[in-house]
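Q: Starting off with a structure, shown below.
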Amino acid sequence: MASVHESLYFNPMLTNGVVHANVFGVRDWVTPHKMALLVLLSELGRAGAQLGLLERRRLNRLLLPLLQGPDMALSRLRKAIEECCPHLAGSVHIRLKLMAEGELKDMEQFFDDLSDSFSGTEPEVHKTSVVGLFLRHMILAYNKLSFSQVYKLYTALQQYFQKDEKKDGADENEMELTNPEELDGKMEKEELAGPLREEEIACSGPLSQKQAEYFLSQQASLLKNDETKALAPASLQKELNNLLKFNPDFAEAHYLSYLNSLRVQDVFSSTHSLLHYFDRLILTGAESKSNGDEGYGRSLRYAALNLAALHCRFGHYQQAELALQEAIRIAQESNDHVCLQHCLSWLYILEQKIFDSCVLLEHSVNKSLHFGLPYLASLGIQSLVQQRAFAGKAANKLMDALKDSDLLHWKHSLSELIDISIAQKTAIWRLYGRSTMALQQAQTLLSMNSLEAVNVGVQQNNTESFAVVLCHLAELHAEQGYFAAASEILKHLKERFPPNSQHAQLWMLFDQKIQFERAMNDGRYHVADSLVAGITALNSIEGVYRKAIVLKAQNQMSEAHRLLQKLLIHCQKIKNTEMVIRVLLCIAELYWRSSCHTIALPVLLQALALAREYSLQYLASETVLNLAFSQLILGIPEQALNILHMAIEPVLAHGAVLDKGCAMFLVAKCQVASAASYTPQKKIEALESAILNLNEAKTYFAKVDCKEQLRDVLYFQARLFHTLGRTQERNKCAMLFRQLHQELPAHGVPLINAFK
């Protein structure tokens with residue numbers, strides 16, 4: 001089930017995706033790239049009505065990232081303009097050429113003419129517009145330059161233009177030497193790259209204040225909404241180091257470095273960057289300016305809170321508790337109720353590692369609602385629902401609680417929490433074994449549009465909630481035998497959440513589990529055994545359980561029993577009830593295979609009691625099927641048939657295809673065993689009914705390519721056809737059985753002693 005407390009980190013950078021960088025000492029200055037933008041604005045004003053509406057709209061959309069972004073090569077700028085308006089790109093190039101190849105006075109005249117844009121009753125540019133502010137900043141920066149600085153700027157402009165000319169000449173020579181087919185391929189590749197990919201823009205020098213703010217806000221927003229579009233961790237860290245080299249006191253750059261280190265699970269670097277962020281925040285006085293005398297103390301308590309969250313994320317619970325105690329002490333001294341509510345939420349998470357208690361969580365929800373903190377209140381409700389789901393509360397009560405939290409989400413437009421709520425519902429229905437309801441909730445989340453405004457081309461759906469839902473969807477498809485669809489979903493997950501992203505471990509685990517199930521169904525136990533190591537690395541409990549399943553399939557009963565007993569004790573200690581039941585069912589199967597049928601019954605009854613106590617309906621149905629199999633082995637097939645009719649409906653409605661096949665196979669076995677005491681006519685009818693059930697089971701097993709079970713069904717059918725005197729059908733089943741029997745190794749135990 002998804003963790004619902006990942007969003008409890010105090011994030012001072014992100015306010016609607018905008019970074020507030022108040023402490024950056026580098027002012028705006030004129031560069032050759034900005035002069036090229038000034039020429040573009042000048043030519044845009046001259047063109048006036050000559051530009052079409054579509055071209056003007058494209059240029060307006062292009063201007064904002066150009067004005068805010070870092071400097072780029074002239075060739076790249078020209079290409080971006082050409083895609084919007086080829087005619088204007090030519091005018092900009094000619095104007096720059098005249099200025100670069102002319103004299104210094106041409107550049108002086110150009111800046112003098114820029115002021116005319118604001119003159120007149122209807123000026124071309126308003127002073128307070130984005131373009132107007134940019135022009136005024138550039139004019140002011142140019143007027144402050146000394147003569148030597150003006151000359152250096154003019155020399156830089158000449159080099160900027162000449163570099164572009166040399167590149168064009170080299171490209172023309174390459175075009176002459178390259179055949180047309182290779183050239184077309186190269187051009188297509190360049191077009192696919194796009195005009196403004198951030199990965200290709202390197203900050204060669206110190207950025208201005210606005211450029212730094214734009215760069216940080218863009219990367220922070222991408223890390224939150226669409227991590228795949230952000231710079232790679234190494235590239236982003238390189239750019240941040242470059243920023244900090246020119247201004248070590250840039251606090252927000254340290255915080256983005258902290259977020260970047262969390263992406264790669266780097267404990268040392270993330271702790272280092274987080275401490276530097278709050279140190280710089282206090283030293284620069286930024287917090288004191290915005291929060292008065294409380295600024296210093298506020299930074300200290302939130303620094304301790306973030307440090308506690310960081311340690312908790314990496315599993316350092318003792319260090320987290322010490323940092324949290326410090327944050328609580330400072331917050332109490334300052335009477336900061338908001339910080340105290342954050343501390344209370346994290347205190348619940350830490351206490352949850354030791355014992356389950358709803359008291360802290362309920363208190364946190366009530367206090368958050370009292371102080372008007374809907375985000376924290378909703379997270380508290382989500383955690384409370386998750387805890388009570390594991391405690392076995394009824395599904396209708398949990399859904400009512402989630403409905404109340406949904407009202408908070410929609411009232412305050414908390415898009416992220418709406419996603420978490422739906423993912424939580426999907427996981428709860430999966431826990432209770434209602435795959436149809438889980439599928440419905442998953443589809444609901446996937447078809448929703450985000451409430452948050454993000455940049456064009458940025459997907460809002462690259463969050464943990466969507467990763468959880470897509471993983472459940474892949475597993476649901478695999479359980480129904482749609483392995484191609486499951487592979488497509490996993491492929492999409494790999495593209496959306498690359499291996500170095502925060503939530504990649506989710507799809508990695510599900511991918512390994514699906515491959516494991518397929519290998520077990522196909523009888524390739526050596527392949528399944530090789531996958532156990534990968535599963536164990538991602539989830540140790542699942543890994544041990546799968547290892548025991550492989551050992552059981554390989555008839556290593558003693559070793560499998562030893563592992564399962566250890567796992568059972570551990571799961572009972574951590575109160576993982578679902579895994580406890582699965583382990584008990586596996587132990588019961590070991591007893592069957594060892595011909596200890598009576599010992600298996602108390603184990604199954606214990607599993608059934610737990611499943612019903614914790615409202616795990618599907619596991620309860622599966623346990624009843626195992627009990628029916630035990631009764632069949634003990635010679636009471638009529639009683640086995642009676643309880644089968646109670647349990648088989650949930651399995652057929654919500655179960656995996658393999659479980660459906662096993663259930664129908666068991667029904668057929670019970671029918672055949674019960675027919676021994678029937679009259680001849682009634683016996684024939686029972687055997688005919690058993691053959692129909694075997695056909696249905698065979699269809700299910702074929703869907704998941706479970707060859708071992710198919711072999712058993714064919715053997716059973718051949719025996720039934722022989723009893724009924726249907727020689728042709730018997731021979732057909734015998735031939736198919738022989739083919740599978742030669743392909744698969746014999747399992748070495750009697751046919752009747754295996755339910756699955």
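None of the figures in this text is laboratory data; all of them are computed from the coordinates on show. As the structure is a prediction and not an experimental result, all values here were calculated from the model. Glycine also receives a Cβ, built like all others from the backbone with ideal geometry; neighbour counts cover every protein chain displayed.
Q: Roughly what would the spin-label model give for ALA401 and LYS491, points 7 Å off Cα along C-beta, in nm?
A: 4.1 nm
Q: Which ³J(HN,Hα) values, rounded to whole Hz and listed in residue order, are derived for the range 125-130 from phi using the Karplus coefficients 6.51, -1.76 and 1.60 in 6.51 cos²θ - 1.76 cosθ + 1.60 with θ = phi - 60°, glycine and proline given as x?
A: Values, residue by residue: 10, 7, 5, 8, 6, 4 Hz.
Q: How large is ³J(HN,Hα) for each residue in the range 641-655, as worked out from phi by the Karplus curve 6.51 cos²θ - 1.76 cosθ + 1.60 (θ = phi - 60°), to whole Hz, x for Gly and Pro?
A: Working through the residues one at a time gives 5, 4, 6, 5, 5, 6, 9, 6, 4, x, 5, 5, 7, 10, x Hz.
Q: Under a Cβ-Cβ cut-off of 10 Å, what is the net charge of the residues other than CYS85 that fall near it, where Lys and Arg count +1 and Asp and Glu count -1?
A: After counting each charged neighbour, the total is -2.
Q: Provide the FRET efficiency to the nearest 0.05 for the LYS411-VAL359 pair, computing r from the beta carbons and using R0 = 30 Å.
A: Using R0 = 30 Å, I get an efficiency of 0.65.
Q: What is the distance, in nm, between label points placed 7 Å from the Cα along the Cα-to-Cβ direction at GLU83 and at LEU98?
A: 2.9 nm
Q: I would also like to ask the following. How would you rank 515-528, 124-137, highest first, on the average number of other Cβ atoms within 10 Å across their residues?
A: With the highest mean Cβ count within 10 Å placed first, the list reads 515-528, 124-137.
Q: How would you classify the range 32-166 from its alpha-carbon gyration tensor, with a ≥ b ≥ c the square roots of the eigenvalues: rounded for a/c under 1.5, else prolate if a/b is greater than b/c, otherwise oblate?
A: Because a/c hits 1.5 or more and a/b fails to exceed b/c, the range 32-166 counts as oblate.
Q: Taking K and R as +1 and D and E as -1, what net charge do the other residues with C-beta under 14 Å from the C-beta of ILE381 add up to?
A: Summing Lys and Arg as +1 and Asp and Glu as -1 gives +3.
Q: Still on this structure: Give LYS547/LYS669; LYS79/LYS238; LYS682/LYS707; LYS34/LYS152; LYS166/LYS245 a once-over and call out the pairs whose C-alpha atoms are over 24 Å from each other.
A: Too far apart for the 24 Å limit: LYS547/LYS669; LYS79/LYS238; LYS682/LYS707; LYS166/LYS245.
Q: A further question follows. For labels at ASN731 and LYS144 in the simple 7 Å Cα→Cβ model, what's the distance in nm?
A: Going from the ASN731 label point to the LYS144 one covers 10.0 nm.
Q: Quick one: 3J(HN,Hα) in Hz for the range 210-226, Karplus 6.51/-1.76/1.60 with θ = phi - 60°, rounded, Gly and Pro as x.
A: For the range 210-226, the Karplus curve yields 5, 5, 5, 4, 5, 4, 5, 5, 5, 5, 5, 5, 5, 4, 7, 9, 8 Hz.
Q: So, one more: Any chance you could run the full-extension gain for HIS337 through ASN242? It's 0.36 nm times the residue separation minus the Cα-Cα distance, nm to one decimal.
A: Gain on extension, HIS337 to ASN242, equals 30.4 nm.
Q: Identify the residues of the range 494-526 with backbone N under 18 Å of a label point that sits 7 angstrom from the Cα of ASN555 along the Cα-to-Cβ direction, or state none.
A: Output list for this probe position: 523-526.
Q: If you take the square roots of the eigenvalues of the alpha-carbon gyration tensor of the range 656-755 and sort them as a ≥ b ≥ c, do you get rounded (a/c under 1.5), prolate (a/b over b/c) or oblate?
A: Prolate is the answer for the range 656-755, as a/c is 1.5 or above and a/b outweighs b/c.
Q: Considering only C-alpha atoms, what is the centroid distance from the range 343-397 to the range 618-656, in Å?
A: 37 Å
Q: A further question follows. Roughly speaking, what is the stretch gain from GLN443 to ILE636, that is 0.36 nm per residue apart minus the C-alpha to C-alpha distance, in nm to one decimal?
A: Going from the current span to full extension adds 65.1 nm.
Q: Could you tell me whether the range 512-619 comes out rounded, prolate or oblate from its Cα gyration tensor? Rule is a ≥ b ≥ c as square roots of the eigenvalues, rounded for a/c under 1.5, then prolate if a/b exceeds b/c, otherwise oblate.
A: oblate
Q: Taking the Cα of HIS570, stepping 7 Å toward and past its beta carbon, and measuring to each backbone N in the range 519-543: which are under 14 Å?
A: Output list for this probe position: 533-543.
Q: Just add up the charged neighbours of ARG46: K/R +1, D/E -1, any other residue whose Cβ is under 10 Å from the Cβ of ARG46.
A: Computed value for this residue: -1.
Q: Taking 0.36 nm per intervening residue step and subtracting the Cα-Cα distance, what contour gain separates GLN50 from SER677 on full extension?
A: 216.0 nm
Q: Sticking with this one: On a C-alpha basis, how far is the centre of the range 90-149 from the centre of the range 35-59 in Å? Whole number, if you could?
A: Their Cα centres are 15 Å away from one another.
Q: Starting with the highest mean, order 619-625, 723-729 by the number of other Cβ atoms within 10 Å, averaged over the residues of each peptide.
A: Per-residue mean Cβ counts within 10 Å order the peptides as 619-625, 723-729.
Q: If R₀ is 25 angstrom, what is the calculated FRET efficiency for the pair ASP116 and ASN60, using the beta carbon separation as r and rounding to 0.05?
A: That pair, ASP116 with ASN60, gives E of 0.70.
Q: Would you give the gap between the C-alpha center of the range 549-563 and the C-alpha center of the range 519-539, rounded to a whole Å?
A: Spelled out, the Cα-based centre of one part sits 14 Å from the other.
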